[in-house]
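Asks: One structure, as structure tokens, below. Some questions next.
What follows draws every value from the coordinates through simple rules; no lab data is involved. Quick caveat, the model's predicted, so the values are computed rather than measured. Cβ coordinates were reconstructed from backbone atoms using ideal geometry, including for glycine residues, and neighbour counts include every protein chain displayed.
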Amino acid sequence: IEIFDCITTDAAYDLVKNSRYKMIFDIISNKAEKKCGNYVQEQLKVGIVMFSMDKEIVGMGETAKNLLEEFHNE
């Protein structure tokens, strides 16, 4: 698999970004939200947004999307 040949995370990111698997960043964000939620015993809403080194949003969890919508509506 080509990704195992990547020396840096930036190289791996570019490979994933330019493939049909770029939705993986949303999946990772959702899993991170669940982990963080468990860690705080669901007492806080935790939203995860993933950024590239170029400050581009590459992934966003469902909670983050909902929180962003709430902020926009206020």
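Asks: Among all stretches of the chain without exposed trypsin sites (Lys or Arg not before Pro) (DSSP loop, at most 16 other Cβ atoms within 10 Å), which one is longest? Let's see the in-between values first.
Replies: Details: sites that count: 20, 22, 45, 55.
It works out to 23-44.
Asks: Per Stokes-Einstein, at 20 °C and 1.002 mPa s, what whole-number D in µm² s⁻¹ belongs to the chain, with the Kirkwood radius over Cα pairs as the hydrodynamic radius?
Replies: In µm²/s, the coefficient is 158.
Asks: Based on Cβ point charges of +1 for Lys and Arg and -1 for Asp and Glu, what charge dipole magnitude is obtained for segment 2-73 about its Cα centre, in debye rounded to the nearest 20?
Replies: Roughly 180 debye for segment 2-73.
Asks: Given the options 38, 18, 30, which has the most mean-square fluctuation in a GNM of the chain, springs set between C-alpha atoms less than 10 angstrom apart?
Replies: Of 38, 18, 30, the most mobile in the Gaussian network model is 18.
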